[in-house]
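K.L.:
First the structure, then my questions, so here it is.
The values are calculated or read from the model by the stated rules, or taken from the named source; none is laboratory data. Only a predicted model underlies this, so the values are computations on that prediction, with no experimental measurement involved. Virtual Cβ from ideal backbone geometry, glycine too; neighbours counted across all protein chains shown. Just the protein is used for accessible areas: all its heavy atoms, side chains included, with ligands, DNA and RNA removed. Shrake-Rupley method; radii C 1.70, N 1.55, O 1.52, S 1.80 Å.
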Amino acid sequence: MSKTTMGNKLPLILEQKMQTVGEQIRLARLRRDLSVAQVAERATCSPMTIARIEKGATTVAIGIYLRVLYSLQLDDDILLLAQKDEMGRALQDLALKHRQRASKKQ
């Protein structure tokens, strides 16, 4: 029995984001005038997997997403994930602030 912190189902907002990603991949495929079968062949997966990705299925492995992005020449887009990390940088900045002590008077 495996433990998960969020259960088996993703929060609705994450499912919506995956649907958006799927739609963007679908549009990229259509702009290139490629069929589902062509992308599946290039990404070495099944056409059904491509269809699931384009519908925003949350159960497809990230490695397959990478192969699909690579087949569409969009693999560098993966480097944009968590690039900004504004919250992390703000927390880092807070940790860097140290109290300044007055100099010792002699």
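K.L.:
Report, by residue number, each residue of the range 35-49 that is crowded, with 17+ Cβ neighbours inside 10 Å and either outside any helix (DSSP H, G or I) or of a type outside the set (Val, Ile, Thr) (or both).
P.N.:
The answer is ALA40, ALA43, CYS45.
K.L.:
Consider GLY22 carefully, then state whether it is surrounded by 11 or more Cβ atoms within 10 Å (Cβ to Cβ), of a type in the set (Gly, Ala, Ser) and in a loop (DSSP other than H, G, I, E, B).
P.N.:
It is false that GLY22 is surrounded by 11 or more Cβ atoms within 10 Å (Cβ to Cβ), of a type in the set (Gly, Ala, Ser) and in a loop (DSSP other than H, G, I, E, B).
K.L.:
So, in the range 50-90, exactly how many residues are open to solvent by 40 Å² or more (accessible area, probe 1.4 Å), without any contact (Cβ under 8 Å) to a residue 40 or more places away in the chain and in a loop (DSSP other than H, G, I, E, B)?
P.N.:
9
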